[in-house]
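Chemist: Would you mind keeping the following structure in view while I ask a few things?
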Amino acid sequence: MRIVVLVSGTGSNLQAVIDAVSSGALDVGIAAVGADRPGTYGVQRAADAGISTFVVDFKSHPDRAGWNDALTTAVLAHEPDYVVSSGFMRIVGQGFLDSFPSRYLNTHPALLPSFPGAHGVRDALAYGVKVSGCTVMIADAGVDTGPILAQAAVPVLPDDTEETLHERIKVEERRLLIDTLRQLAAKDR
Ligand code: GRF
């Protein structure tokens, strides 16, 4: 099973996938890693691991449709079985989704359908929940609305900040993403 991973930031979840692949714990091929802006640490991590990288810079396209087409073309060139959004902070258009039907995975640092959007950890903490967690789902055209594949719970501690809670959630998020990819790879065989 070939995957393309999309990142916008530090790519610590991507690093966990790279490590699982190189240790043999996860039997998938990372065909490429792409980003929506230049200079991400996620792309650097991929390059350091000898993985092909590409950037489809959102800001260098005059409109969202043009960026979306360019992203779709760039990802299709690597012929992935699945595309994984790993901290990719852009909503993709229908053209992209139609190119990878039910094959675009996303992770979210909260227990959906609660606390969707870019600030899931902050919003859960502000609400005062005692348990949060993470979700792996198939991405659709909405914001964190696609079918849920897996979830894990993470307790909120009394002195948690957004950062401390997010770090503990990310530990579970990595495990869940790798487990989900392993199951999909087994099914694809
Ligand atoms: C993850 O918690 C992801 O769900 C969220 O951003 C984080 C990505 O972190 N949208 P990293 O770039 O993998 O370190």
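The values are calculated or read from the model by the stated rules, or taken from the named source; none is laboratory data. Fair warning: this is a prediction, and the values are worked out from it, not measured in the lab. Positions of Cβ are backbone-derived with ideal geometry, glycine not excepted, and every protein chain shown enters the neighbour counts. These area figures cover heavy atoms from the full protein model, side chains too; ligands, DNA and RNA do not enter into them. Shrake-Rupley method; radii C 1.70, N 1.55, O 1.52, S 1.80 Å.
Chemist: Could you list which residues have their amide H under 5 Å from that of ARG2, counting only those 5 or more apart in sequence or on another chain, with H placed in the peptide plane?
Modeler: GLY29, ASP81, TYR82
Chemist: May I ask you to give the percent of accessible area on the chain that is carbon plus sulfur, with a probe radius of 1.4 Å?
Modeler: On the way: 4820 of 8940 Å².
Of the solvent-accessible surface of the chain, carbon and sulfur hold 54 percent.
Chemist: Can you show me the helix-derived [θ] at 222 nm for the chain, built from DSSP H runs with n ≥ 4 at -39,500 (n - 2.57) apiece and divided by the number of residues, rounded to the nearest 500. Don't skip to the end; give the middle numbers.
Modeler: Numbers: 6 runs with 73 residues, N = 189.
It lands at -12000 deg cm²/dmol.
Chemist: Okay, moving on. Hey, can you grab everything whose amide H is under 5 Å from the amide H of VAL55? Only 5+ residues off in sequence or another chain; H modelled, so Pro and N-termini drop out.
Modeler: ALA35
Chemist: For segment 71-189, compute the orientation-averaged projected area of the C-alpha convex hull (one quarter of its surface), in nm².
Modeler: 7.2
Chemist: Under a 1.4 Å probe, what is the accessible area of the chain per residue, stated in Å²?
Modeler: Details: 8940 Å² over 189 residues.
Using a 1.4 Å probe on heavy atoms only, each residue of the chain averages 47 Å².
Chemist: HN-Hα J couplings of segment 148-161 from phi, Karplus 6.51/-1.76/1.60, θ = phi - 60°, integer Hz, Gly and Pro as x?
Modeler: In residue order, the calculated couplings are 7, 9, 7, 9, 9, 8, 9, x, 8, 8, x, 9, 5, 9 Hz.
Chemist: If you place +1 on the Cβ of every Lys and Arg and -1 on the Cβ of every Asp and Glu, how big does the dipole about the Cα centre of segment 2-187 come out, in debye to the nearest 20? Let's see the in-between values first.
Modeler: Numbers: 15 positive and 21 negative charges, 30 e Å.
Dipole of segment 2-187, to the nearest 20 debye: 140 debye.
Chemist: ALA77 to VAL171: FRET efficiency via 1/(1 + (r/R0)^6), r the Cβ-Cβ distance, R0 30 Å, to the nearest 0.05? Numbers along the way, then the final one.
Modeler: Working: r = 33 Å, r/R0 = 1.10.
After rounding, the FRET efficiency stands at 0.35.
Chemist: Place a +1 charge on the Cβ of each Lys and Arg in segment 22-104 and a -1 charge on the Cβ of each Asp and Glu, then give the dipole magnitude about the Cα centre in debye, rounded to the nearest 20.
Modeler: On the way: 6 positive and 9 negative charges, 54 e Å.
Its charge dipole is roughly 260 debye.
Chemist: Using the Karplus curve 6.51 cos²θ - 1.76 cosθ + 1.60 with θ = phi - 60°, what ³J(HN,Hα) values do you get for each residue of segment 27-33, in whole Hz, with x for Gly and Pro?
Modeler: 9, 9, x, 8, 5, 6, 10
Chemist: Kindly write out, for segment 76-91 in residue order, the coupling ³J(HN,Hα) from the Karplus curve 6.51 cos²θ - 1.76 cosθ + 1.60 (θ = phi - 60°), rounded to whole Hz, with x marking Gly and Pro.
Modeler: These are the phi-based 3J(HN,Hα) values: 4, 4, 9, 6, x, 7, 9, 10, 10, 7, 10, x, 8, 9, 10, 7 Hz.
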